[in-house]
Each structure stands twice: as C-alpha cells, then as structure tokens.
Ligand SMILES: Cc1cc2nc3c(=O)[nH]c(=O)nc-3n(C[C@H](O)[C@H](O)[C@H](O)COP(=O)(O)O)c2cc1C
C-alpha cells in the first residue's frame, strides 16, 4: 500500500501565503455588525472546530449556542460585574486606559457560543492525560482556535470573552456541573478589519518579537 493516500492534498505556495495572511489578519473582534450569519454557517464552523486535535482523541469540547435573550442578558450582566471588578484592580494611568477599552461585543454580536470542557471524558480512555490532566483543557482551547481561524477565512470575526465568572455562566446556561467554561465567544461580521490587535492600537500592550530558547 502506498504511504500516501491518493487524494491527500499538496498545499502549494499560493495557499501557504494566503494561510499566512489569515494568521496575520485573525483578530479578536469586539465591534460587530448586527447582521446575521448565513443559515447553516455557524454549524459548519463548529463542525470544522470538531476536527481539532485532542488528547487521546477525546474531543472534550462542549459547544453551547446561546440565543435565549434572558440568558444573553444574564451573561452581559455578569461581564459588567466582572469588568467593573477588574477595573478596580488597575492602578494609576492604567485604570483610565482600561476604562476606555471595549473588552466584549456581547451587545451587538449576532451569535454567542460558550465553549466548555468536560475534564474527565470517557472518550479517549484517559490516553495522554495521566501526567498532564490539563491536556484535556488544552484540547478545548485548540478547538476554539480552529473555530477562530475557520471563521476568519469566511470574513467572520470572533471575540473571546474571559471577563466572566465561570460558575455563574455555567448556572446561567444550565449545563452539567462537571463542565468548565473555556471561552465565551461573540461571533459575527466585524465592523472593520485590522492587521494590528485592538489592544495595541489602544496603547495597552504591544505584540513582541518571538524569543526561542535553544538548549
Ligand atoms: C484566553 C483568551 C482570553 C481572552 N479574553 C478576552 C476578553 O475577555 N476580552 C477581550 O477584549 N479580549 C480577550 N481576548 C483577546 C486578546 O485580548 C487578544 O487575543 C490579544 O489582545 C491579541 O489580539 P488579537 O487576537 O487581535 O491578535 C482573549 C484572548 C484569549 C486567547
């Protein structure tokens, strides 16, 4: 048998250059247009995220689409509470800068998706996580990133909201007690595209050059 499947793709230089462009233009988005995504697109993006790697092939991510207005309002209220608490921990000039930042697009984003992890999934029979149980959560994070890139390739932006109380969000969404919140995602068409992160444009932090240790 050949070592290579007959229909395995070969990615050429044009695709590689476009992929690099996708990585550079993926942004965390907080400012959304309100228009809905085309029917079925979110489901297809989530199916792509389901192709992410996972420890032991455990697929421990659990996606929850949040459309119910009351639950969305409760998540927004939780964000406001957590963000006010975070603001209070900032000191000096940083506090004024923090107060100016827009750190979630919960109001405008047409789609909300919460991503949880099942920390002790049966699937995968524990392979790969005896010494690193955190590998399960890492797997869910990769699913989020896969979703992020797949969405960007369709011109759709994602904003990751972590300024939330995870157990309150679990209660608001009425999901199993064992699930831990990994990400609350705002999804929709961005108001604008940018190659520079918003936090950099707002003077909060700069992306630094890579630093690799050699041993
Ligand atoms: C785990 C994680 C949590 C994040 N939480 C928030 C958040 O609560 N609010 C926010 O505005 N951005 C959040 N971000 C987005 C980061 O601020 C953003 O990725 C960073 O500033 C770099 O910008 P870029 O994603 O556009 O390259 C989060 C990103 C990650 C990976």
> What Kirkwood hydrodynamic radius, in Å, does region 173-215 give when the mean of 1/r is taken over all pairs of distinct Cα atoms and then inverted?
Replying inline: 15.0
> According to the square roots a ≥ b ≥ c of the eigenvalues of the Cα gyration tensor, what is the shape class of region 102-162, taking rounded for a/c under 1.5, prolate for a/b larger than b/c otherwise, and oblate for the remainder?
Replying inline: prolate
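Under the definition of Cα pairs under 8 Å and six or more residues apart, what whole-number percent is the relative contact order of the chain?
34
Which order results if 63, 116, 23 are arranged by neighbouring Cβ count within 10 Å, fewest first? Provide the component values of the computation, followed by the final result.
Working: 63 18, 116 24, 23 9.
Ordered from fewest to most neighbouring Cβ atoms within 10 Å, 63, 116, 23 come out as 23, 63, 116.
Going by a ≥ b ≥ c, the root eigenvalues of the Cα gyration tensor, does region 37-134 fall in the rounded group (a/c under 1.5), the prolate group (a/b larger than b/c) or the oblate group? Could the numbers behind the result be given before it?
Numbers: a/c = 2.65, a/b = 1.48, b/c = 1.79.
Oblate, because a/c is 1.5 or more while a/b does not exceed b/c.
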>> Rounded, prolate or oblate, given the Cα gyration tensor of region 70-187, with a/c below 1.5 counting as rounded?
In response: prolate
> Efficiency by 1/(1 + (r/R0)^6): what FRET value for residue 4 and residue 41, r their Cβ-Cβ distance, R0 = 30 Å, to the nearest 0.05?
Replying inline: 0.40
>> Test of understanding: ordering 127, 87, 45 by Cβ neighbours within 10 Å, fewest first, what list do you get?
In response: 127, 87, 45
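What FRET efficiency, computed as 1/(1 + (r/R0)^6) with R0 = 35 Å and r the Cβ-Cβ distance, is obtained for residue 207 and residue 76, rounded to the nearest 0.05?
0.75
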>> Can you compute the FRET efficiency between residue 57 and residue 15 using 1/(1 + (r/R0)^6), with r the Cβ-Cβ distance and R0 = 41 Å? Round to the nearest 0.05.
In response: 0.95
>> Under the 0.36 nm per residue contour assumption, what length would be gained going from the current alpha-carbon distance of residue 200 and residue 168 to full extension?
In response: 8.5 nm
> What length, rounded to one decimal in nm, is gained on full extension from residue 84 through to residue 131, with 0.36 nm per residue of separation minus their alpha-carbon distance?
Replying inline: 13.2 nm
>> Considering only C-alpha atoms, what is the centroid distance from region 1-44 to region 83-127, in Å?
In response: 24
> Using every alpha carbon pair in the chain, what percent of pairs falls into each 10 Å bin from 0 up to the bin containing the largest distance?
Replying inline: 7, 27, 34, 24, 6, 1, 0
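Bear in mind that the values in this text are calculations on the coordinates, not laboratory data. Since the structure is predicted, the reported quantities are computational estimates derived from the model, not experimental observations. Virtual Cβ from ideal backbone geometry, glycine too; neighbours counted across all protein chains shown.
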